[in-house]
Amino acid sequence: MILDTPPARARGLAESIPPSTQKLLSEIGVLDDVERAGFLRGRGNTVWWASADPRVETFGSQAPPSPLGTSVPAGKLRPRHAPPSPSSPLGYQVFRPDFDRVLLDSAASAGASVLTSARVRTVTFADEHATVDYEHEGRRSTVATRLVLDASGRVGVVARRFRRVQPGHRTYALVGVWERERWDLPDETHTVVETFEDGWAWSVPMSATVRHVGVMVGHGEPYRVAIAKTRALRQRLDGAVLKQEWACDASLYSSETYAGPQCLLVGDSGSFIDPLSSFGVKKALASAWLAAVAGHTSLLHADRQMVAREFFSNWERDVYATHLRRSRDFARAAFTAHPSSFWASRADVDVPASTEDEHEIPAGPVRFGMTSPIALQYADEVRFEDRPVVRGREIVLEKAFAGGIRFAQHVDLVTLADIACQSTRVPDLFEAYCQRCSPVPLPSIVGGLSLLVARGILHERA
């Protein structure tokens, strides 16, 4: 059962969804529904980050990293046979209430019972179940359930009691809806970001003529006063008509815990990442999918309940830590151009340690060539340990190298090592790996081999 309380459309935000989200949408079976909804397709970003000169980034290009070029770590989310990447590198510019409606309708079509305009009053937990007290169409009801997924966002029906506000990241979002006949931008579908002395601003299109423009600041102030502190956006708003404005809290937070015996904290309910990454919607979708997998595993396999909960919790912590680290790095760049207290507090934030087992490919010369023969075997001292991974709709325990080494740049290193010990040429190894696992680029396979040798897991046969 899904108990839904739709937010007021008058305060619905325009939000960017990057092209990489299509793979996740396909995995959960809603990509066709999203495509049919007819959302504006975004072709990239225009960014004024700590610079008076814009950086124009087209999706699919190899531009250097910017605040809009970060992503959610996905090493632990990889199914055995992931769907192929869509050929069109286009994102979506969505009006969140409409996007959420598409997801709810898709859930209903899949068999879920959806109650709209339902308001949850309390959630209480016992040893074996939870009880949800809610109102719907003027009637008060209760439902007993083995598992509650709190996806109530910043409201945090269950999650609020576990919430930790991120120090130094108090942020107010001041938002306006603007309209003009033509916008002076390299591409009318682009998301726009600009830093200034006391914060940063963003703009997401709803159509060729209407844009949502937000200003992220550390204290409350009039919207037009904040807009006047920008340069590039202020110039482009000259002559535009402000149709509506409002303010909301956009401060960062995480949770003490993300999973309990009868509850999982999903998406923005559990944590809220810095909006500058433009990956908030993708993070929420990935969180919901993984929560469904973890919940499914817990309900079917009592012996894996703790493993599933810890897997979900670790993923949530790692996503938050990854984005906090990237936000800090971009804040440090902004601070060089805008030495204000706003950027200073964000540039000096402490980032929690990550448990992510995704490893980096070592830098240096390529060790294996396409034409050179290979003759590899396991080192005698190699040891394995069980680690959780997602396989289909369940979390299972599979072997990893001691220390948790399992993935690198989307390559399954255990599978790669097994195939490498049976291969004599890199092309054959590459073909065999892509047949058994999700296809990856050849350089990632070569890099994975280099990592396995560098870590002493594989070595040349005598």
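Of everything in region 145-168 that's among the basic types (Lys, Arg) and surrounded by 14 or more Cβ atoms within 10 Å (Cβ to Cβ), which residue is farthest from the chain's Cα centre (by Cα)? Per the criteria, the residue is Arg160.
Restricting attention to region 304-313, does a residue exist that is small (Gly, Ala, Ser), on the phi < 0 side of the Ramachandran plot, in contact with a strand residue (DSSP E or B) (Cβ under 8 Å, 6 or more places away or on another chain) and in contact (Cβ under 8 Å) with a residue 40 or more places away in the chain? Looking for residues that are small (Gly, Ala, Ser), on the phi < 0 side of the Ramachandran plot, in contact with a strand residue (DSSP E or B) (Cβ under 8 Å, 6 or more places away or on another chain) and in contact (Cβ under 8 Å) with a residue 40 or more places away in the chain, one finds at least one in region 304-313, hence yes. Can you confirm whether Val157 is modelled with pLDDT of 95 or more, among the hydrophobic types (A, V, I, L, M, F, W, C) and closer than 23 Å to Ala288 by Cα? Yes, satisfied. Could we say that Pro86 is at pLDDT below 60 and either in a loop (DSSP other than H, G, I, E, B) or surrounded by 14 or more Cβ atoms within 10 Å (Cβ to Cβ) (or both) here? So Pro86 fits the description; yes.
Taking (1) closer than 30 Å to Gly60 by Cβ; (2) exposed (fewer than 14 other Cβ atoms within 10 Å of the Cβ); (3) of a type outside the set (Ser, Thr, Tyr); (4) in the same structural domain as Ala8 (by TED's automatic domain parsing) in turn, Glu181 satisfies each apart from (4). Can you confirm whether region 214-236 contains a residue that is within 24 Å of Val175 (Cβ to Cβ), modelled with pLDDT of 95 or more, among the β-branched types (Val, Ile, Thr) and in a loop (DSSP other than H, G, I, E, B)? Yes; the residues of region 214-236 include at least one that is within 24 Å of Val175 (Cβ to Cβ), modelled with pLDDT of 95 or more, among the β-branched types (Val, Ile, Thr) and in a loop (DSSP other than H, G, I, E, B).
Which of the residues spanning region 233-244 are within 26 Å of Pro186 (Cβ to Cβ) and touching a residue at least 12 places away in the same chain (Cβ under 8 Å)?
Filtering region 233-244 down to residues within 26 Å of Pro186 (Cβ to Cβ) leaves 233-243.
Listed by number, the residues that qualify are Leu233, Gln235, Arg236, Leu237, Gly239, Ala240, Val241, Leu242, Lys243.
The condition (being of a type in the set (Val, Ile, Thr), closer than 23 Å to Gly280 by Cα and in contact with a helix residue (DSSP H, G or I) (Cβ under 7 Å, 6 or more places away or on another chain)) is satisfied by just one residue among Val204, Val215: Val215.
If you go through region 247-289 and keep only what is of a type in the set (A, V, I, L, M, F, W, C) and farther than 25 Å from Val47 by Cβ, you end up with Ala259, Cys263, Leu264, Leu265, Val266, Ala288, Trp289.
Just a yes or no: is a residue in region 51-67 modelled with pLDDT under 90, under 21 Å from Ala173 (Cα atoms) and assigned to a helix (DSSP H, G or I)? The answer is yes, given that some residue of region 51-67 is modelled with pLDDT under 90, under 21 Å from Ala173 (Cα atoms) and assigned to a helix (DSSP H, G or I).
Regarding Leu115, is this residue part of a strand (DSSP E or B) and touching a helix residue (DSSP H, G or I) at 6+ places or on another chain (Cβ under 8 Å)? So Leu115 fails the test.
The values are calculated or read from the model by the stated rules, or taken from the named source; none is laboratory data. It should be emphasised that the depicted structure is a prediction, and the values quoted were computed from it without experimental measurement. Neighbour counts run over all protein chains shown; Cβ positions are idealised from the backbone, glycine included.
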